[in-house]
Amino acid sequence: MASPLVRHTFEGTLTADDSKRYLNNAFEVPDGVERLELKLEFAPLRVSGIGNMLTLSVYDPAGSRGAGHRGGAEHRVFITRYSATPGYVPGPLSAGLWLIEIDTHLIMPGPPCDYQLEVAAYGGSGNEAPSWPPTHPGIRLRRGPGWYRGDLHRHSDHSDGHWTVDDLVAWARANRLDFVTLTDHNTISGLARMDDLTADDLLTIGGSEMTTYWGHALALGVHRWVDWRVQPGKRSMRDIASEVTESGGVFVIAHPKSPGDPDCTGCDWRYADMMPGNARVVEVWNGSWTGDSNNERAVALWYSWLEQGLRIVASAGSDAHEATPPNVRLGYNVVYANELTEREILEAIATGHSYLSSGPRLELTAEMPNGLLAMSGDLLPREATKLRLRWQLANGDARLRLVVDGRFVEEQTAGSSGEWMLDVGRWSARSCLVELRTRSDELAAMTNPIFWDAS
Ligand SMILES: [Zn+2]
Ligand SMILES: [Zn+2]
């Protein structure tokens, strides 16, 4: 390749005190640049068996050009007008000040971590062509009001996933989902391809996982990059949640009880002012029910909020980074939506018109005094206390557990299908939901709550 128009090397030494910072390396891109190359190397990669974690984010003079949220001690990146390393956004390489940010998710105590970042900007022949023509299929099957099943949390090779966007969508199709979301860490570079893959039988939804140093959150339905960089005193998680909601998206607290540093950097939810603050949805079923995410504790956290009378609803997400073996039981969201569009699905998720399930059906409804039917997520008048629970496809030895204001109050065996008429009037409840548990106490399905105002 021709010699670069500009080349810079940035280097330094970091210690544990430099964890959770945003290290900016600025350089001027001249006119006529067609290809940008970056190489970040650091050492040591591991201390006491635990990896230091540095990642790169790139900003052009107008804003984010993506991020490469993945492990390893060597990160190589290229960006051109038409293509880029997954995670980064292709496009014109405009002249001006660019920032190459090193995000220090974790630097272990112990030996200092030396890093070197090389930046090179090349001119070009101008002959590069797009690798595939942008397509705009415009297909959106509006199948009308009904139940739709899908996944709200998934990663591709645009961050630390081990499969492409195409593979991720193919797997959703093989699992007969109605909708699937791409939520890569701190980048939206995969969403263009995701949009292309929406088809009559499968709605693809966009978003990202804001992978901050003190907790992770999903920005569902936001197709632009959301600045995830919480900076104490300047930009709070509360600000980010407001921004997501004001953009028409749904903000979801992700896997709040996952183990945190150093095993999973920033994975546990530590925002004291966001318990749950202005969040309205919390992911209580992340990956396999019995996996590392401590889902049982996430449910307990959610129940503690319901006990306070807060109207907050739950979601599930596979958090899949590759195809999961068939014996792993994931939780999906089964959503009652007016139509199969991103807007309507996310509206129903935010409202709680949904239940979480690894297979069984579980529908909680209520008859209102005016004869209309209400369902989970709805706010009922005080006098409407008669509920109907219907379930199907449960294992014969399953149990139903009634949860009022975040506390178990009643339990009964389920059988594979049936109906349970409930009158919750005696509890003066502010919320009520039902769990379906297996004999070994694993969650098989769970409704969202029906709510009442405090009397
Ligand atoms: Zn996460
Ligand atoms: Zn994730």
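The values are calculated or read from the model by the stated rules, or taken from the named source; none is laboratory data. Keep in mind it's a predicted model, so treat the numbers as computed, not measured. Please note: Cβ atoms are built from the backbone with ideal geometry, for glycine as well, and neighbour counts cover all protein chains shown.
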Exercise for review: Could you list, in sequence order, all residues of the range 200-234 that are at pLDDT 95 or above, of a type in the set (D, E, K, R) and either within 11 Å of ligand 2 (Cβ to nearest atom) or farther than 19 Å from Ser64 by Cα (or both)?
Suggested key: Glu209
Review point. Condition test on Ala254, is it within 30 Å of Leu436 (Cα to Cα) and at pLDDT 95 or above?
Key: yes
Exercise for review: Could you list, in sequence order, all residues of the range 182-199 that are among the hydrophobic types (A, V, I, L, M, F, W, C), more than 16 Å from ligand 2 (Cβ to nearest atom) and either free of Cβ contacts under 8 Å to residues at least 60 places away in the same chain or in a helix (DSSP H, G or I) (or both)?
Suggested key: Ala192, Leu197
Practice item. Could you give me the residue pairs with C-beta distances under 8 Å whose first residue belongs to the range 264-275 and is in contact (Cβ under 8 Å) with a residue 60 or more places away in the chain and not assigned by TED's automatic domain parsing to the domain that holds Lys20, whose second residue is more than 12 Å from ligand 2 (Cβ to nearest atom) and hydroxyl-bearing (Ser, Thr, Tyr) wherever it lies, and which are 6+ apart or on separate chains? Key: Thr265/Tyr213; Gly266/Thr212; Gly266/Tyr213
Check your understanding: What do you reckon, is His255 within 12 Å of ligand 2 (Cβ to nearest atom), farther than 24 Å from Ala192 by Cα and within 11 Å of the chain's Cα centre (by Cα)?
Key -> yes
**Study point:** Residue satisfying all of: in the range 164-181; crowded, with 21+ Cβ neighbours inside 10 Å and more than 23 Å from Ala337 (Cα to Cα); nearest to ligand 2 (Cβ to nearest atom) among these
**Key:** Leu168
Practice item. Being in contact with a helix residue (DSSP H, G or I) (Cβ under 6 Å, 6 or more places away or on another chain) and either over 29 Å from Glu442 (Cβ atoms) or not aliphatic (A, V, I, L, M) (or both) narrows it down to one of Val244, Val230, so name that one. Key: Val230
Check your understanding: Can you name the residue in the range 143-163 that is assigned to a strand (DSSP E or B) and among the basic types (Lys, Arg) and, of all such residues, is farthest from ligand 2 (Cβ to nearest atom)?
Key -> Arg149
Review point. Residue check: is Ala241 within 16 Å of ligand 2 (Cβ to nearest atom) and either in contact (Cβ under 8 Å) with a residue 12 or more places away in the chain or outside any helix (DSSP H, G or I) (or both)?
Key: no
Practice item. Report whether or not His216 is closer than 21 Å to Ala350 by Cβ and surrounded by fewer than 22 Cβ atoms within 10 Å (Cβ to Cβ). Key: no
Check your understanding: Among the listed residues Trp289, Trp302, Trp269, which satisfies the condition of being in contact with a Pro (Cβ under 9 Å, 6 or more places away or on another chain), away from ligand 1 (no atom under 16 Å from the Cβ) and modelled with pLDDT of 95 or more?
Key -> Trp302
Exercise for review: Considering (1) in contact (Cβ under 8 Å) with a residue 24 or more places away in the chain; (2) touching a Leu at 6+ places or on another chain (Cβ under 7 Å), say which one Val409 fails and leave the rest.
Suggested key: (1)
Check your understanding: For Gly215, all conditions in the list (1) away from ligand 1 (no atom under 16 Å from the Cβ); (2) more than 13 Å from Asn278 (Cα to Cα); (3) not hydrophobic (A, V, I, L, M, F, W, C) hold save one; what is the number of the exception?
Key -> (1)
Exercise for review: May I ask you to say which residue of Gly66, Gly91, Gly96, Gly71 is outside the structural domain of Asp160 (by TED's automatic domain parsing), closer than 24 Å to Trp228 by Cα, in contact (Cβ under 8 Å) with a residue 24 or more places away in the chain and more than 29 Å from the chain's Cα centre (by Cα)?
Suggested key: Gly96
Review point. Ser288 is checked against (1) surrounded by fewer than 22 Cβ atoms within 10 Å (Cβ to Cβ); (2) in contact with a Gly (Cβ under 8 Å, 6 or more places away or on another chain) and fails just one. What number does that condition carry?
Key: (2)
Review point. Which one is modelled with the lowest pLDDT, of the residues in the range 362-374 that are within 17 Å of Asp423 (Cβ to Cβ) and within 32 Å of the chain's Cα centre (by Cα)?
Key: Leu373
Point to revise | Residue selected from the range 182-201 under the condition surrounded by fewer than 19 Cβ atoms within 10 Å (Cβ to Cβ) and of a type in the set (Gly, Ala, Ser), by the criterion nearest to Ser357 (Cα to Cα) | key: Ala199
